[in-house]
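Novice: Supplied in structure tokens, the structure appears directly below.
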Amino acid sequence: MDTDTIAAISTPPGEGGIGIIRLSGPAAERILERVFRRPGGDAAPWESHRMYYGFLRAGEETVDEGMAVLMRAPRSYTREDVAELQLHAGSYILQRALEICLEQGARLAEPGEFTRRAFLNGRIDLSRAEAVMSLISARGEQEHRAAVREMRGGVTAFVRAAADRLYEIQAGLAACVDYPEEISEEEGAAEMIPRLESLIRQIREGIQERSSRLLHQGLRVALAGRPNVGKSSLLNALLGEERAIVTSVPGTTRDPVTGEMTLDGVRVRLTDTAGVRETRDEVERIGVERTRKAMEEADAVLLVLDGSMPLQAEDRELMARLPENGAWVVSKGDLPQRLELPETDRTVLRCSALQPESLEGIRAYLRRFTALSDQMAVTQPRHLDALRRAAGFLESALETVRTMPPDLAATDLQAAQAALGEITGDQADERLLDTVFERFCVGK
Ligand SMILES: Nc1nc2c(ncn2[C@@H]2O[C@H](COP(=O)(O)OP(=O)(O)OP(=O)(O)O)[C@@H](O)[C@H]2O)c(=O)[nH]1
Ligand SMILES: [Mg+2]
């Protein structure tokens with residue numbers, strides 16, 4: 001399979017204290033010996049997993065001073081011989097160092113190729129390889145926690161358990177096909193039905209759509225209301241930055257403006273929208289259309305009402321159309337209050353964009369939507385897709401078993417097994433691996 005030696009710069013571009021070049025493959029040790037000089041110790045063989053001080057050399061030229069380590073197979077990230085050069089992180093130094101390694105016979109690594117080798121050499125399964133990438137790109141505590149859970153094998157355990165139960169069902173079916181005199185079709189079907197039902201339930205429970213969306217896209221919150229009530233001011237106050245334009249002219253915001261903050265480690269995407277009113281202005285009308293869309297797509301809606309003014313017809317209309325997940329936010333609390341609200345079961349939050357402490361109520365309200373189950377959740381979109389397909393094939397198999405000879409369900413059971421296998425990589429073809437690893441960074 002992969003018998004060449006790959007090399008890459010494993011640290012991000014830019015200047016810094018340390019930059020790392022990583023090599024993996026059978027020639028790693030030989031290349032390391034050629035390019036890295038250990039003062040006084042060049043004759044001694046390299047000990048595995050030991051850090052050495054020395055100089056990166058290209059012939060007689062000294063390129064940098066640094067440290068190097070050799071990790072012999074199989075005790076390495078890829079299970080191949082791995083060498084790492086810790087140099088100074090300067091773009092010239094690292095490019096030159098990489099070139100020197102390539103001159104000595106290494107090949108430039110593709111994105112994620114080190115991790116791909118770890119997978120191909122059986123050190124980790126595919127879902128764990130993906131967890132490594134999620135871990136690197138985690139932007140909040142919750143994303144990070146989910147990635148750690150996946151990296152430690154949560155998804156693998158879930159999928160393997162489901163696959164094992166499916167094998168049992170397949171074995172039961174094979175028995176009733178092969179030994180019809182011992183187990184009749186009716187008996188076989190009667191046994192399969194509850195098992196299939198329970199397996200489908202188990203898989204459906206593992207599909208955590210909401211958690212997945214929260215982790216990968218963040219909580220989507222829309223700020224809505226009629227013009228000039230203070231939506232943009234509130235957005236800016238919540239984000240702590242001047243993100244949207246604020247003026248005393250109604251109809252200031254046209255395009256939705258989005259900003260991000262984190263709440264309890266979950267990313268929250270706040271969208272400020274155009275104030276909703278009947279308008280003949282073409283641009284504003286399109287903006288209002290987008291507001292309606294943002295409200296529909298949001299996980300939570302903050303309907304802003306101007307506290308310094310009596311309720312208007314436009315407010316009432318929006319209040320009537322506010323979805324379940326919406327709260328009333330009474331703004332401009334620092335001004336004399338002239339708003340009277342009808343009796344309601346809604347959450348009513350009072351605030352002022354000028355008083356940061358008054359925003360705590362809004363954050364507390366949004367926290368209701370950011371709670372993620374700490375249960376093992378399958379949250380990667382690719383895994384969810386495979387699980388959904390597996391559940392679909394099992395449902396179709398169940399339908400068959402209920403109405404037809406059970407052996408006709410065999411194809412669907414196999415397809416379900418294949419879909420589960422895609423998650424762990426037990427049944428992964430090159431194309432699938434390419435799509436998984438192209439998301440990776442070079443050097444990982
Ligand atoms: N005193 C006071 N004034 C506020 C507050 N929030 C907003 N304003 C003022 O109200 C006016 C409108 O504020 P915006 O934030 O632009 O209102 P908007 O809802 O985004 O308006 P459109 O974009 O036109 O829909 C501005 O003059 C703000 O300074 C507040 O909490 N207190
Ligand atoms: Mg605005």
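Novice: Return the pairs, sorted by first residue and then second, in which the second residue is open to solvent by 30 Å² or more (accessible area, probe 1.4 Å) and among the β-branched types (Val, Ile, Thr), the first residue lies in region 140-159 and is more than 17 Å from Ile423 (Cα to Cα), the beta carbons are less than 6 Å apart, and the residues are 6+ apart or on different chains.
Specialist: Close Cβ pairs satisfying both conditions: Gly140/Thr262.
Novice: Something else about it: Residue check: is Arg290 within 27 Å of the chain's Cα centre (by Cα) and either more than 16 Å from ligand 1 (Cβ to nearest atom) or in a loop (DSSP other than H, G, I, E, B) (or both)?
Specialist: no
Novice: State yes or no: is Val288 farther than 25 Å from Ala364 by Cα, open to solvent by 70 Å² or more (accessible area, probe 1.4 Å), touching a residue at least 12 places away in the same chain (Cβ under 8 Å) and of a type in the set (A, V, I, L, M)?
Specialist: For Val288, the condition - farther than 25 Å from Ala364 by Cα, open to solvent by 70 Å² or more (accessible area, probe 1.4 Å), touching a residue at least 12 places away in the same chain (Cβ under 8 Å) and of a type in the set (A, V, I, L, M) - is not met.
Novice: Out of all the residues in region 95-105, is one or more in contact with a helix residue (DSSP H, G or I) (Cβ under 6 Å, 6 or more places away or on another chain) and either surrounded by fewer than 20 Cβ atoms within 10 Å (Cβ to Cβ) or in the same structural domain as His383 (by TED's automatic domain parsing) (or both)?
Specialist: Scanning region 95-105, I find at least one residue that is in contact with a helix residue (DSSP H, G or I) (Cβ under 6 Å, 6 or more places away or on another chain) and either surrounded by fewer than 20 Cβ atoms within 10 Å (Cβ to Cβ) or in the same structural domain as His383 (by TED's automatic domain parsing) (or both), so the answer is yes.
Novice: With the checklist (1) at pLDDT 90 or above; (2) within 16 Å of ligand 2 (Cβ to nearest atom) in hand, flag the one item Ala298 doesn't pass.
Specialist: (2)
Novice: Conditions first: (1) farther than 30 Å from Pro381 by Cα; (2) away from ligand 2 (no atom under 16 Å from the Cβ); (3) among the charged types (D, E, K, R). Arg226 passes all but one, so which condition is the exception?
Specialist: (2)
Novice: Filter region 193-237 down to residues that are within 16 Å of ligand 1 (Cβ to nearest atom) and either touching a residue at least 60 places away in the same chain (Cβ under 8 Å) or closer than 15 Å to Ala353 by Cα (or both), then give me how many there are.
Specialist: The total comes to 16.
Novice: Something else about it: Assess whether Ala390 counts as being under 26 Å from Gly122 (Cα atoms), assigned by TED's automatic domain parsing to the domain that holds Arg204, free of Cβ contacts under 8 Å to residues at least 60 places away in the same chain and not basic (Lys, Arg).
Specialist: So Ala390 does not fit the description; no.
Novice: Sticking with this one: Select from region 56-66 the residues that are under 40 Å from the mean Cα position of the chain (by Cα) and of a type in the set (A, V, I, L, M, F, W, C) and write down the one among them that is most open to solvent (accessible area, probe 1.4 Å).
Specialist: My answer is Val63.
Novice: From the residues in region 238-256 that are open to solvent by less than 60 Å² (accessible area, probe 1.4 Å), more than 8 Å from ligand 1 (Cβ to nearest atom) and touching a helix residue (DSSP H, G or I) at 6+ places or on another chain (Cβ under 7 Å), which one is farthest from Asp315 (Cα to Cα)?
Specialist: Leu238
Novice: Also, I was wondering about something else. So for region 1-10 (the condition being in a loop (DSSP other than H, G, I, E, B), within 26 Å of Arg123 (Cα to Cα) and in contact with an Asp or Glu (Cβ under 6 Å, 6 or more places away or on another chain)), does at least one residue qualify?
Specialist: Looking through region 1-10, none of the residues is in a loop (DSSP other than H, G, I, E, B), within 26 Å of Arg123 (Cα to Cα) and in contact with an Asp or Glu (Cβ under 6 Å, 6 or more places away or on another chain).
Novice: Name the residues in region 230-246 that are part of a loop (DSSP other than H, G, I, E, B) and either in contact with a Ser or Thr (Cβ under 6 Å, 6 or more places away or on another chain) or near ligand 2 (Cβ under 8 Å from one of its atoms) (or both), would you?
Specialist: Hits for region 230-246 are Gly230, Ala244, Ile245, Val246.
Novice: Let me ask another. Please work out if Ala109 is surrounded by fewer than 19 Cβ atoms within 10 Å (Cβ to Cβ), more than 30 Å from Val159 (Cα to Cα) and hydrophobic (A, V, I, L, M, F, W, C).
Specialist: For Ala109, the condition - surrounded by fewer than 19 Cβ atoms within 10 Å (Cβ to Cβ), more than 30 Å from Val159 (Cα to Cα) and hydrophobic (A, V, I, L, M, F, W, C) - is not met.
Novice: Can I ask one more? Examine region 195-212 for a residue that is polar (S, T, N, Q) and modelled with pLDDT of 90 or more, and state whether such a residue exists.
Specialist: Yes, region 195-212 has at least one match.
Novice: Still on this model: Can you find a residue that is more than 10 Å from ligand 1 (Cβ to nearest atom), surrounded by 15 or more Cβ atoms within 10 Å (Cβ to Cβ) and either under 36 Å from the mean Cα position of the chain (by Cα) or closer than 30 Å to Ala147 by Cβ (or both) anywhere in region 304-317?
Specialist: Yes, there is a match, as at least one residue in region 304-317 is more than 10 Å from ligand 1 (Cβ to nearest atom), surrounded by 15 or more Cβ atoms within 10 Å (Cβ to Cβ) and either under 36 Å from the mean Cα position of the chain (by Cα) or closer than 30 Å to Ala147 by Cβ (or both).
Novice: Taking the residues in region 270-285 that are touching a residue at least 12 places away in the same chain (Cβ under 8 Å) and in a helix (DSSP H, G or I) as candidates, determine which candidate is farthest from Leu234 (Cα to Cα).
Specialist: Val283
Novice: Looking only at region 334-353, filter to residues that are under 23 Å from Met261 (Cα atoms) and free of Cβ contacts under 8 Å to residues at least 60 places away in the same chain; which one of those is most open to solvent (accessible area, probe 1.4 Å)?
Specialist: Checking each candidate, the answer is Arg350.
Novice: Let me ask something additional. Within region 409-433, work out how many residues are more than 20 Å from Gln170 (Cα to Cα) and either open to solvent by 70 Å² or more (accessible area, probe 1.4 Å) or touching a Gly at 6+ places or on another chain (Cβ under 7 Å) (or both).
Specialist: Counting residues in region 409-433 that are more than 20 Å from Gln170 (Cα to Cα) and either open to solvent by 70 Å² or more (accessible area, probe 1.4 Å) or touching a Gly at 6+ places or on another chain (Cβ under 7 Å) (or both) gives 3.
Novice: Given Met295, Met309, which one is closer than 28 Å to Ser212 by Cα and not small (Gly, Ala, Ser)?
Specialist: Answer to the selection: Met295.
Novice: Being touching a residue at least 60 places away in the same chain (Cβ under 8 Å) and open to solvent by less than 50 Å² (accessible area, probe 1.4 Å) narrows it down to one of Pro381, Pro356, Pro406, so name that one.
Specialist: Going through Pro381, Pro356, Pro406 in turn, the sole match is Pro406.
The values are calculated or read from the model by the stated rules, or taken from the named source; none is laboratory data. Here the structure is a predicted model, which means the values were calculated and not measured. In this analysis, Cβ positions are derived from the backbone assuming ideal geometry, glycine residues included, and neighbour counts consider all displayed protein chains. Only protein heavy atoms, including side chains, enter the accessible area calculation; ligands, DNA and RNA are left aside. Shrake-Rupley method; radii C 1.70, N 1.55, O 1.52, S 1.80 Å.
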